[in-house]
Structure formats: C-alpha cells, structure tokens
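Since the structure comes first, as structure tokens, the remarks are kept for the end.
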Amino acid sequence: MESYSVRYRFSQPFNVSAQTAYEWCTDFRPDDPARMGEEGTRKIKRFNEDTLILTDAVKGKRERKQRLVRLNPERMSWTNTHLNGTNKLSQFWYEVVADGPQSSHLEFTGLQVNYGRPPTLARIAKMAEELAVVDSGGWLLLAREMHRDLSGPER
C-alpha cells in the first residue's frame, strides 16, 4: 500500500521552568484523556525508566491508540510512535526548552504517516497546516491544565 508523510511543527509556551514542564508533560496518568477534553481511559505499561506503551480508548472513537513513548530526560525530550491505527508508524518529537528561570516552551515536530495515494504537494502543505492547528490546540489545553495543576492551593 502506498503511503506519504506530513511534517509539521509548532511551539507552546509554558510559564514554568523547563524541568518542571518536562516532568509534568511526562507524568503519564490514566486520566490524561480528560486533560485533553476527551472522555476515555489510558493504560500505561512501563518497560523501564525511559520506555512505556500508552493505550488510549476514547469514547466515540472506534480504535484504541497504542503508542510507544521513549523518554530522554537529559534533553528534556521524548518521542511518541503510533504502533497501530490509521496513522500507524507516525512519530512525534517533543522537546522542552528553557527560556528563563520560570519560562519554557515545547518544540513539537510531527511526522504523520498517511496511507493511500499521495496527494499534491499543495494538499500535503494544507494538511500540515491543519494538523498543526489541531495539535497545538490540544497543547494549549494541556498548558492550561499544567498551570492549574502547578498553581493550585496544595502548592
């Protein structure tokens, strides 16, 4: 079967230190779908300190997403590789970069694999724009959740 890739990037600012942001972003929990505004469950299977598989089931979506996550704490980065589904073998790179003592940002790069006959380069560029809008919107929600979590009364 034919396939093609759609590459896209975006940044998401955080109002916390890079180390704090990295730790929050990689603290995977069963209630993570709710943080993204979705109803569903997440199973987390840890293989060692830097390798895990996330299995997400979201209400209203037929397939369960299974993803291999590899953590790189030294670079405050991680990868997320889809193991199944309509975008199988897609890979996403995340890196938290320090901007100051209490500010940082996420650098996101997506390499989504799509199956089927490749469209025109113009259509691929449009798809990249659309994916960046959708995924950056998800990270905007997560940044708000991070702010709520880290500035709550218990802190």
Order of 135-148, 112-125 by packing, highest average Cβ count within 10 Å first? 135-148, 112-125
Match the structure shown to one of the listed values (1) 2, 9, 15, 16, 15, 13, 10, 8, 6, 4, 2, 1, 0; (2) 2, 9, 15, 21, 22, 16, 9, 4, 1, 0, 0; (3) 2, 11, 19, 20, 19, 15, 9, 4, 2, 0, 0 of P(r) over Cα pairs in 5 Å bins from 0, in percent, computed from it, and give that label. (2)
Specify the inter-centroid distance of the stretch 1-41 and the stretch 92-155, based on alpha-carbon positions, in whole Å. 7 Å
When the helices in the chain are scored as -39500 (n - 2.57) per DSSP H run of 4 or longer and the sum is shared across all residues, what 222 nm value do you end up with, to the nearest 500 deg cm²/dmol? -8500 deg cm²/dmol
Label-point separation, LEU131 to LEU111 (7 Å along Cα→Cβ), nm: 1.1 nm
Count the lysine pairs in the stretch 3-150 whose Cα atoms lie under 22 Å apart, taking only pairs 8 or more positions apart in sequence or on different chains. 12
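Only the coordinates and a few stated rules stand behind these numbers; no lab work does. All figures in this text were calculated on a predicted structure; none of them were measured in a lab. Cβ sites come from the backbone with ideal geometry, for glycine too, and all protein chains shown count toward neighbours.
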